[in-house]
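Q: The structure that follows is given in the form of structure tokens.
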Amino acid sequence: MNDSALIQLGQALSRRMGEGPGADRTASQRLRFQTSIPRPRSRRIFLIPAAAALTLLLAGGLLSWHLLQDRTMPFVIEPGSIAGTEGQWVSAATDRESVIRFSTGSIFTLKQDSAARIISSNQEQVILDLNNGSIHCDVHHQNRTQWLVRAGTWRIAVTGTRFTVTWTSAQNTLNVRVEQGTVIVSGDGLTPDGMKLKQGDHLRVSNNRAILSHDAVAVSNSSAAGRRKDSDRPETAAFVLDEAIDKPASRPSTRSSAGTIATPPAAKTQMIWKQKYEQRDYSGALSAARQEGLARLIRTLDVDELWQLAQAARYARDGEAAKEILIGLRSRFPGSPRAGSALFLLGRVAMEIENDHSSARQWFEQYLHTAPHGNLAEEALGRLMDIHVKAGNAEAARQHARTYLSRYPDGSFAGMARSTLQ
Amino acid sequence: MAALFFDRYCDRVNRLVWKLMLADADHDDVVNTAFLQMYSSIKRLNDPKALPCWVSTITINTIRKEIRKRRYYRMLMLRTETPEASTTAEDSHSRDAVNRTACIVETMTPDNRIIFILRYVEGCTFEEIATLRNCSLATVKRYGKRCKEDFMRKAAKDTVLSKFFEELNHE
């Protein structure tokens, strides 16, 4: 196996992780660093042996305590009923959910195209990190186990209730809607002790600003649902994490009274192009889409489906169709994160399929103009530099190389940038 | 002064921590620890020109300590490593391959993990890694070979990654 395959995989991993925290988060890091710089203190050397002895004693006690009892909370991952362990990543395919089933009866259902990680799973604490996408959680409280769901910089402590959390990583926006009982939400934009929300409360946090409102309809609906549920399982808490804040109203994520995610309309799942896309038959998917009417699909599909259709066209190396779909996506969903990514993809289509470097340059430039610090900015800048190098525009290539190195000195195009400047 | 120092190097430190810790939830804690470590030891830096590289080295050492701490904690808690068997054996999309890659990287030793990510995720050359890790080129190449073998051995047991590499070979 040569290095290029691993580099390709590594770059995909890099893209998946994104570029790291944004300006808001670095501002809070800055404040934290300034306040945590230790002040000069007089040395208390005599305390060191005492502290060391105490630490040893505590460590010994802790070790023997853990040796004596198994405090893990086992869980299995379905399909396949595979035993899971702490630190495990779990992902759901585009066409199916993955279920994490805990020994206490709690069930976490990872929705399609989502990924999460079980940080810890023991009798004291169960922590789950939502990497992206949506998760439906049905928590059965037993003993004193603390259940915690983390989404970005926020933490939602489950205190025996039912509520909905929506997190959009691209916009760093959190929505919490409490249907029953109370929850405590902590993180950026909230007080250090966290914010306690009651039944019917709806909290939205964005750009370090929290807006609290009260939803009377949700209260009445959820009370009825809660009564039905409470009669069956008195100590059940259920909530939904949903990344799709920008999803159009035509395809809402609805919840049944039993607390499960309702399936999408049957007509949509039966679309032939989509079935073929999921079977990775991209040419077949595009042909089927043409039979169903490409223009009609562009007018009616939701943003995620349009994205999939564009990918199918791209994989089938049909540049014209890919461009048509991506431009259609941009015109119908101009404010969505996909619209920005579509610019970058249009550049790739022009560059890789149509070999039209002039158009590719324009698309990449437009992407960088609209999202100068976007997740794909590094790649767009690197490809722009590459285009200028290939076109023999030495001065423009050098200019982009300098910009690239100043922003991404350790980036994947850094080698090319340095050689361009030499 | 501290704020100026932070502003100048926060992008570099954030990027390294974000990638090497695999976008960890405790990202901000590690960044803060790294900056405090720099602040307390900057007096020992003799050559001001070496400051950018020194910042990266301190950050990587902080990350290494954090990863090692977690491994020890896992041993104390009698946890087993993340299993090599795929939990989504039927998935064949590259997204799953990426997730499985992250899963395998989590099981690597701190040194192997750092070199693997710097080399394959960040695209650093061995020379750059040697400078960042403050060791010889030969040592980095040896570690690089070892971490690649370690990854490929684990990837071979993973159905998703095996299929991903097979498809890549066909292309």
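Q: Give me the residue from region A:311-356 that is of a type in the set (Ser, Thr, Tyr) and surrounded by fewer than 18 Cβ atoms within 10 Å (Cβ to Cβ) and, out of that set, nearest to A:LEU368 (Cα to Cα).
A: Once the filter is applied, the top-ranked residue is A:SER331.
Q: If we scan region B:87-94, do we find a residue that is at pLDDT below 85, part of a helix (DSSP H, G or I) and closer than 18 Å to B:ASP150 by Cβ?
A: To start, the set of residues in region B:87-94 that are at pLDDT below 85 comprises B:87-94.
Pick out the ones that are also part of a helix (DSSP H, G or I) and you get B:94.
Imposing the further condition that a residue be closer than 18 Å to B:ASP150 by Cβ reduces the set to none.
No, that holds for no residue.
Q: Of (1) under 16 Å from A:TRP89 (Cα atoms); (2) touching a strand residue (DSSP E or B) at 6+ places or on another chain (Cβ under 7 Å); (3) modelled with pLDDT under 80, A:THR109 satisfies all except one. Which?
A: (3) is the only condition that A:THR109 fails.
Q: Moving on to the next point. Filter region B:102-124 down to residues that are under 16 Å from B:ILE60 (Cβ atoms) and more than 7 Å from every other protein chain (Cβ to nearest Cβ), then give me how many there are.
A: Adding up the residues that qualify gives 13.
Q: Could you check region A:398-413 and list, in sequence order, the residues that are out of contact with any Lys or Arg (no Cβ under 9 Å at 6 or more places or on another chain), under 23 Å from B:ARG8 (Cα atoms) and at pLDDT 85 or above?
A: A:GLN399, A:HIS400, A:ARG402, A:THR403, A:TYR404, A:SER406, A:ARG407, listed by residue number.
Q: Count, please, the residues in region A:93-145 that happen to be of a type in the set (D, E, K, R) and under 20 Å from B:ARG70 (Cβ atoms).
A: First, pick out the residues of region A:93-145 that are of a type in the set (D, E, K, R): A:95-97, A:101, A:111, A:113, A:117, A:124, A:129, A:138, A:144.
Now drop any that are not under 20 Å from B:ARG70 (Cβ atoms), which leaves A:117, A:124, A:129.
Within region A:93-145, residues that are of a type in the set (D, E, K, R) and under 20 Å from B:ARG70 (Cβ atoms) number 3.
Q: Would you be able to tell me the number of residues in region B:130-154 that are of a type in the set (A, V, I, L, M, F, W, C) and in contact with an Asp or Glu (Cβ under 9 Å, 6 or more places away or on another chain)?
A: 4
Q: For region A:2-25, what are the residues that are buried (at least 19 other Cβ atoms within 10 Å of the Cβ), part of a helix (DSSP H, G or I) and not aliphatic (A, V, I, L, M)?
A: Once the filter is applied, which keeps residues that are buried (at least 19 other Cβ atoms within 10 Å of the Cβ), part of a helix (DSSP H, G or I) and not aliphatic (A, V, I, L, M), region A:2-25 yields A:GLY10, A:SER14, A:ARG16, A:ARG25.
Q: Within region B:64-74, identify whether any single residue is surrounded by 15 or more Cβ atoms within 10 Å (Cβ to Cβ), modelled with pLDDT of 85 or more and touching a Phe, Trp or Tyr at 6+ places or on another chain (Cβ under 8 Å), and answer yes or no.
A: no
Q: Pull out all pairs, ordered by first then second residue, where Cβ-Cβ is under 6 Å, the residues are six or more apart or on different chains, the first lies in region A:74-102 and is within 7 Å of chain B (Cβ to nearest Cβ), and the second is loosely packed, with under 15 Cβ neighbours inside 10 Å.
A: Matching pairs, first to second residue: A:THR85/B:THR80.
The values are calculated or read from the model by the stated rules, or taken from the named source; none is laboratory data. Nothing here was measured: the structure is a model prediction, and the numbers come from that model. Glycine gets a Cβ as well: all are built from the backbone with ideal geometry, and neighbour counts include every protein chain shown.
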